[in-house]
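Report on the structure given below.
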Ligand code: PLP
């Protein structure tokens, strides 16, 4: 049976295979996780139950429940300095759907989409699925894995339609500085190009760093589609509530495509998400404090282990560790650690070809588990 060529866009995933392996091997410790290990806030699960039992079992409007979009408009103004009306916001099934709808709305087949490399695993296959050409921009450790504006300029051609930016970043934990964002803003205006800015980890920020939304910079509102989510900030991955904010015209077009995707994010969970916005900030603070404690531990433990070093992440819950001194490829290194230490790390190459020589280490795992996993890795690596 002939299937579509575009199925090749998704590619092979080491992450998926290793997580499947984890199910049947309980002795393995995973430092590979890409989602919070905390449960959703209690007030949110109570609210969700309440809305489900009150019969909120119908579709929501394509653009999302109005009361949620109103609450989001206030949140965006207060926390991100993005001034948007509810008409400039669309609620989606996680921010992943928002990213896809944004790409569907802004690109045509053959257009070039600049994607960070190493960068979040979804951007490349999404662009390819839409018959666009993903163009990797090399993010270098010496630049703290931020976009280098000169490199960005060089990659822009007459076919470039979209630039994807992710801050705080997965897999590197990098929080983009205001200076770099301002330089990117100048390029967007000069070249008349839209940026798709993924801010999934906006609330997971440490060491006094500050998350800045590109859309909040002077004159940027028309050039930026911002996506955010309840998944990471409020540990609500399974609720599948995310959103995008952009000009009314872009949001209107994204809404049209929603008929082809999910129609609406779950109605009861959209309403529960309002509870998260209104009452869950103390819980977010508590999670952030615990992530910061784990980050400190992991930082110290990586320092103690030969042949691997750490970068200087200030956000998300990842280190992007340089493993070049082990003389192994990323995939070989992670296979070795999995086989000998029974610990899952993610090869840097899962995030693009420029991730070679690195491994992503997640601290969305319990403090004690991180300690034990690093003991095991130390044991194995001192024997190389
Ligand atoms: N963006 C980044 C950078 C992510 O790491 C993820 C999930 O891992 C997402 C977006 C998608 O999250 P969700 O669809 O749950 O909002």
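Data table
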quantity: Cα→Cβ-extended label distance, 7 Å offset, between residue 309 and residue 25, nm; calculated: 3.0 nm
quantity: Percent of beta bridges antiparallel (DSSP, segment 147-306, rounded to nearest 5); calculated: 30 percent
quantity: Shape parameters for the chain, alpha-carbon atoms, Rg then Dmax in Å; calculated: 20.5, 60
quantity: Residue 87-residue 327 FRET efficiency (beta carbon distance; Förster radius 56 Å; 0.05 resolution); calculated: 0.50
quantity: Helix 178-191 axis, angle to the chain major axis (alpha carbon atoms, nearest 10°); calculated: 50 degrees
quantity: Folded to 0 to 90 degrees: helix 248-258 orientation relative to the chain principal axis, Cα; calculated: 70 degrees
quantity: 5 Å-binned pair-distance histogram of segment 159-229 (Cα, whole percent); calculated: 3, 17, 30, 25, 15, 7, 2, 0
quantity: Residue order, fewest to most surrounding Cβ atoms within 10 angstrom, among 146, 281; calculated: 281, 146
quantity: Inter-site label distance for residue 369 and residue 293 at 7 Å from Cα along Cβ, in nm; calculated: 1.6 nm
quantity: Pairwise centroid distance, computed over Cα atoms, of segment 206-231 with segment 238-256, Å; calculated: 15 Å
quantity: Estimated FRET transfer efficiency (residue 2, residue 192; beta-carbon r; R0 41 Å; 0.05); calculated: 0.55
quantity: Choice from 300, 81, 203 showing the highest fluctuation, given a GNM over the chain with Cα pairs closer than 10 Å; calculated: 300
quantity: Degrees between helix 94-106 axis and first principal axis of the chain (Cα, 0 to 90, nearest 10); calculated: 60 degrees
quantity: Spin-label model distance (nm) - residue 62 vs residue 335, 7 Å beyond Cα toward Cβ; calculated: 4.8 nm
quantity: Residues listed by number, segment 81-119, amide nitrogen under 18 Å from residue 248 label point at 7 Å toward C-beta; calculated: 83-91
quantity: The chain: most fluctuating residue of 294, 360, 54 per GNM, C-alpha cutoff 10 Å; calculated: 54
quantity: Convex hull volume of segment 96-183 per residue (C-alpha atoms, cubic angstrom); calculated: 91 Å³
quantity: Length released on extending from residue 49 to residue 159, taking residue separation times 0.36 nm less the Cα-Cα span; calculated: 34.8 nm
quantity: Longest to shortest principal axis, alpha-carbon extents of segment 12-112, angstrom; calculated: 49, 47, 31
quantity: Within the chain, helix-based [θ] at 222 nm, where runs of 4 or more DSSP H residues each add -39,500 (n - 2.57), nearest 500; calculated: -12000 deg cm²/dmol
quantity: Spatial separation of Cα centroids for segment 313-353 and segment 23-46, in angstrom; calculated: 20 Å
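Throughout, read-outs are computed from the coordinates displayed, never taken from laboratory work. All values reported here derive from a predicted model rather than from experimental measurement. Cβ atoms come from the backbone with ideal geometry, glycine included; neighbour counts cover every protein chain shown.
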